[in-house]
Amino acid sequence: MPSNLEPTLGDRVHAFLSTVRVGIDFGEHTGGIAIVRGNEVLHAETVLDFHEATLEQRRLLRRGRRGRHAKKMRLARLRSWILRQQLPNGARLPDPYEIMRRRKYMAQPGVFESKGTSPQDAPSWVSLAQDGKTDAAGFVRALTLIFQRRGYKWDAIALEEMPDAKMKDFLLNARIPAGNTGLADEVKLQIERRRADSTGSFRGKSKVSVEELEGCFLRALERGKKPPRPRLAEHRSVKESDLRAVVEGFGKSASLARETIDRWKWELAGGNDARGISRAGLLNKVLRPARFDNRLRTGCAWCGKATPRKARVRELAYRAAVNNLRARENFRPRPLNESEKQVFLDWWSKPETAPGPDAIKARIKKLNPDQDRMARQFHDLLQNEKPKGRASLCQEHLAMAAQGKTMRDAGVDWQRIAVRKAPNPCGERHDARVMRRLENLLFNPLLRGDSAWRYGPVSYISLEIPDPGTEQLGKGKQAERKTDTLTERLAAETDGCAYKVLGSCAGGLDKDHIFPQSKGGPDVRMNLVAACAAHNKEKDNRTPHAWLASEPGRWSAFEQYVQKLGVPERKKIILLNKTPEYPPGDPSPLARIGARPRQFAVLLGKLFAKYDVPLPRVDYRLGETLIQRISGGETHAFRLSWCKKPDGSNNFPYPKDRSSTFNHAEDAAILAAMPPHTWREQVRCWRAERPNAKGEWLPRPGLALPELAPDWAAYLQKRNKPIVYVLGRYPVRWRGKFADLTFWLQPENKDAPRLKRYKQVRNLKQPDFRNVVSDAMRARVERIASEVAYGGKGTISEALARRIAGPEVKKASEVQQKIPEAVEQLETTHPELRRVQVFSQKGGTMAQVRPSDGPMRLVQIKPATDGLVVWRKWEGKKKKSLKTYISLIRPHPLRVFGLPRLHPPIRDAERILGQLHRHQIIWLQGRPDRSEGFYRVTKCQRGGATVVPEELVPAEIANREGLKLQKEPMEGGDGTDDGSLGTISLGKRDLEAYFLSRKEKNAE
Ligand SMILES: [Zn+2]
Ligand SMILES: [Zn+2]
């Protein structure tokens, strides 16, 4: 222990170092966990969470489900509308459900009755109804067709608000119906508007020439003359105009009154009626309003009891919200004073005098820029009779909060805080997953009590959790640039010299350490005030008390003055400190800790209880485990202090390298080394050369003691575990991935059972040509291929697009743009040939076997995963359907099916591929093209895997956190050749070597 430390501080440091400490750095997608004892880092890791990507898939499925349900509901509404209408002759329209079930109406008109009619040539029910050529039943069918696919509206932009790029996008896919001129007129108007004002801001960032838009428009009109293409989503406005045209056409042919036609249009498609009343229309009806209320089932923030709806306790919720506001003064939040509160309360008593949301926002922003987002809530509570959502407190506690009382007044103990039912709805249980990982690291699952600890009892747990306010900002961005200097800001706190009450100020203002640095006072903001040169000189190397104690009059004047000052309580204590020691920090609970860290503390309590060890506390008590919250700024200051070891060698990288995933593990190690807040300031009394903001290395005071620093460099040297840990498992699905290797049971026998499937002609590729089932079809397909000058690369439509684009166009994206045009051209030149049946053998060996226990079955083998898919061939039916999937590790069931040897045989490397999974961290030996170390698997492809060094930040996380980093492998790229940094492709041979070496290692 260094001898130059003050004895009490030295003892504290000594006692602190002997304990086991945990640091946890939190982020939404990334985090760090570190365990430190003494100066040794016992464990440190960066935790990555890719879970949101998985959630995205689940959301997609849910959206599909809800979409289908909504379609049913929409049809039910349409039916109810149809059954209510009456025709002039007194007849009713037929029941759409019954119409839809009739075979005649399932196909296009005329197709069912006359056998020779090709569906492609037949008109659609919609276009027939538009021309007024249908009876009532045909009209009803047309309506149901439109309601079944009502078009997309996700952009929800009206034509006049579309920027150029959107407009082009719309026109590229739109089909502007010929019979109805409304939509066409509107588009023409918008194009004319662009011709008149070529620089208008409404055109957006990337402008498109008027000529190009006109070209797209003409093509959209062309498309309108043809029946809609099946399976192609259209814009809602197109569908609306279709709907109006259908009503118009049928109305005229059935000689409906003009009013009835207009009313029907208005009721079905919406718009303004004759009286100017606007209505959304049945087609646009929102059947399932967005759900907010039932998403978060959270309880009272104080006690966990159920909370009332805001609508029922509007006034209480409003008053509690006013009491919860904090004004910012001298960069510190404080509760509002009475006159500030009164403004808000006056608004409540006279809501008609209350300003609009913008003015409320401006007022709150003036009080505290951090809280301006609360303005919407205030406005909602003030003006909305029925505000949505629930209050954050139970009835009883809300009433207390409305009177300005706090948790402490309610007698709620910090240690007994309730677990919320949805602790972290936004992070989707991210915290719970981190907690599980922590449990694995800290405890031995089989033991209880003190022996359960892996590294010994944990005494301090330090959390760094970003504030919700700062979370909104991108990483590395600053909230606001403070232009004034620290002295100026200190002077603002005390309105000039801090000792001016003593009189006779003179000279310029400068910083003054309240507790002198020479006596061990830290160089932190809390220990600084502004003082004039005269007072600074007079005070000299003393505390205020040592300076003024001999003159009781001056001291008491100073005491009274300090009590009234608008500085933090802590600073007042330091100013009035009468002891020769720097005052220790306040051991009381951390107030306003924030919901998330509080809930995490609750979870930690539950975890400790599970292992029968003493519970951790959020307030400081000697000898008990302390959970402390650390701000990002403090972590930064400690990193600066510890970027070098005392001997001058490198320790923590400084500044923080955000392009390395290790920075979270480093932060966690720094956090774990942070002393409790009661004496954290005191350790900031060391002086050394450290870089400033400009990168100049200068002697700087106020650094953290080097004795406390964890030895990060040593940890990196001796570690034998990966630093990156990925939460969750990401198995590679064998379908459509590398595991779908194709093997032929009888390659020489053409008649061996094979799967047949339909493929779109435009999506055919070279290998498909010889697999087309019918010889005649194959000849036609080959003729098309020669027409489009297919060169054996990509699909047929891509080849055609390349030809349309011309030989001078080289960029793939430009060719891609021409694909819709190419598809259209293909469909016009070969309208009868949309899809062909192709032998398809995707996904393993296909064999027809007759097992001893049952009927004939089709068996498919997934060699890479050792899986077996059994397809049952139903007797008497052609259709083969997937019945069972059995995953097998052992070959026994294969033998039951009596399969002969496979040809070609499955190679070991391919079998091995199935053992890798995504985000797995593997150790690779050094090679000329790569260094030895841990690598993360980013992709598993047919021919091998792609890995990146573990410190490379994954692109999906970088995107979500707003970081601009090196590229990760692009989609479809093979790795080495696309120039992305650090990416390495592993072929099957590499993998074989990898697994063999691992096998040897395991055997040792
Ligand atoms: Zn409560
Ligand atoms: Zn002064």
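Inspection of segment 147-164 finds a residue satisfying the criterion of being more than 30 Å from LYS104 (Cβ to Cβ), within 31 Å of the chain's Cα centre (by Cα), at pLDDT 80 or above and assigned to a helix (DSSP H, G or I). In segment 609-632, the count of residues that are within 24 Å of ARG436 (Cα to Cα), out of contact with any strand residue (DSSP E or B) (no Cβ under 8 Å at 6 or more places or on another chain) and among the hydrophobic types (A, V, I, L, M, F, W, C) is one or more. Screening THR543 on (1) crowded, with 16+ Cβ neighbours inside 10 Å; (2) within 50 Å of the chain's Cα centre (by Cα) shows it passes everything except condition (2). A count restricted to segment 496-519 and to residues that are surrounded by fewer than 18 Cβ atoms within 10 Å (Cβ to Cβ) and either more than 8 Å from ligand 2 (Cβ to nearest atom) or not hydrophobic (A, V, I, L, M, F, W, C) (or both) stands at 13. In segment 511-577, counting only helices (runs of 4 or more DSSP H) that sit wholly within it, the ones holding 3 or more residues that are basic (Lys, Arg) and away from ligand 1 (no atom under 16 Å from the Cβ) span 569-575.
Looking at VAL823, is it touching a strand residue (DSSP E or B) at 6+ places or on another chain (Cβ under 8 Å), modelled with pLDDT of 80 or more and buried (at least 16 other Cβ atoms within 10 Å of the Cβ)? For VAL823, the condition - touching a strand residue (DSSP E or B) at 6+ places or on another chain (Cβ under 8 Å), modelled with pLDDT of 80 or more and buried (at least 16 other Cβ atoms within 10 Å of the Cβ) - is not met. Of all the listed residues (LYS207, LYS252), the sole one being part of a helix (DSSP H, G or I) and either over 18 Å from ILE146 (Cα atoms) or in contact with a Ser or Thr (Cβ under 7 Å, 6 or more places away or on another chain) (or both) is LYS252. All of ALA557, ALA531 fail the test of being within 16 Å of ligand 2 (Cβ to nearest atom) and farther than 23 Å from ARG489 by Cβ, apart from ALA557. Within segment 707-733, the set of residues being β-branched (Val, Ile, Thr) and in a loop (DSSP other than H, G, I, E, B) comprises ILE723, VAL732. Of the residues LEU727, LEU764, LEU741, LEU698, which is under 30 Å from LYS793 (Cβ atoms) and at pLDDT 85 or above? Answer to the check: LEU764.
Just one of the listed residues (GLU480, GLU488) is assigned to a loop (DSSP other than H, G, I, E, B), among the acidic types (Asp, Glu) and either away from ligand 2 (no atom under 13 Å from the Cβ) or at pLDDT below 85 (or both), namely GLU480.
Those residues that are in contact with an Asp or Glu (Cβ under 6 Å, 6 or more places away or on another chain) and within 19 Å of GLY520 (Cβ to Cβ), I need them from segment 687-716; list them, please. Result: PRO699, PRO701, GLY702. Taking segment 299-405 as the region of interest, the helices (runs of 4 or more DSSP H) fully inside it that hold 1 or more residues being away from ligand 2 (no atom under 16 Å from the Cβ) and hydroxyl-bearing (Ser, Thr, Tyr) are 314-324, 338-349.
Scanning segment 975-1002 for residues that are within 16 Å of PRO949 (Cα to Cα), modelled with pLDDT under 70 and either surrounded by fewer than 18 Cβ atoms within 10 Å (Cβ to Cβ) or over 29 Å from the mean Cα position of the chain (by Cα) (or both) returns THR976, GLY979, LEU981. The number of residues in segment 389-410 being of a type in the set (A, V, I, L, M) and either modelled with pLDDT under 85 or more than 36 Å from the chain's Cα centre (by Cα) (or both) comes to 4.
State all residues of segment 183-204 that are part of a helix (DSSP H, G or I), surrounded by fewer than 15 Cβ atoms within 10 Å (Cβ to Cβ) and not hydroxyl-bearing (Ser, Thr, Tyr); if no residue qualifies, say none.
Kept after step one, since they are part of a helix (DSSP H, G or I), are these residues of segment 183-204: 183-196, 201-203.
Subsequent filtering for residues that are surrounded by fewer than 15 Cβ atoms within 10 Å (Cβ to Cβ) retains 185, 188-189, 192-193, 195-196, 201-202.
Hits for segment 183-204 are ASP185, LYS188, LEU189, GLU192, ARG193, ARG195, ALA196, PHE202.
So is VAL434 modelled with pLDDT under 90, out of contact with any Pro (no Cβ under 9 Å at 6 or more places or on another chain) and more than 16 Å from ligand 2 (Cβ to nearest atom) or not? So VAL434 fits the description; yes. Is segment 193-211 home to any residue that is of a type in the set (A, V, I, L, M, F, W, C), closer than 21 Å to ASN173 by Cα and either in contact (Cβ under 8 Å) with a residue 24 or more places away in the chain or touching a Lys or Arg at 6+ places or on another chain (Cβ under 8 Å) (or both)? Looking for residues that are of a type in the set (A, V, I, L, M, F, W, C), closer than 21 Å to ASN173 by Cα and either in contact (Cβ under 8 Å) with a residue 24 or more places away in the chain or touching a Lys or Arg at 6+ places or on another chain (Cβ under 8 Å) (or both), one finds at least one in segment 193-211, hence yes. Just give me the residues in segment 85-139 being hydroxyl-bearing (Ser, Thr, Tyr), without any contact (Cβ under 8 Å) to a residue 40 or more places away in the chain and surrounded by fewer than 18 Cβ atoms within 10 Å (Cβ to Cβ), in sequence order. TYR97, SER114, THR117 - these are the residues of segment 85-139 that are hydroxyl-bearing (Ser, Thr, Tyr), without any contact (Cβ under 8 Å) to a residue 40 or more places away in the chain and surrounded by fewer than 18 Cβ atoms within 10 Å (Cβ to Cβ).
Checking the structure you have, find out if any residue of segment 297-317 is on the phi > 0 side of the Ramachandran plot, within 16 Å of ligand 1 (Cβ to nearest atom) and either buried (at least 18 other Cβ atoms within 10 Å of the Cβ) or not hydroxyl-bearing (Ser, Thr, Tyr) (or both).
Checked segment 297-317: at least one residue is on the phi > 0 side of the Ramachandran plot, within 16 Å of ligand 1 (Cβ to nearest atom) and either buried (at least 18 other Cβ atoms within 10 Å of the Cβ) or not hydroxyl-bearing (Ser, Thr, Tyr) (or both).
The values are calculated or read from the model by the stated rules, or taken from the named source; none is laboratory data. Keep in mind it's a predicted model, so treat the numbers as computed, not measured. A quick note on method: Cβ atoms are made from the backbone with ideal geometry, for glycine too, and the neighbour counts reach across all protein chains shown.
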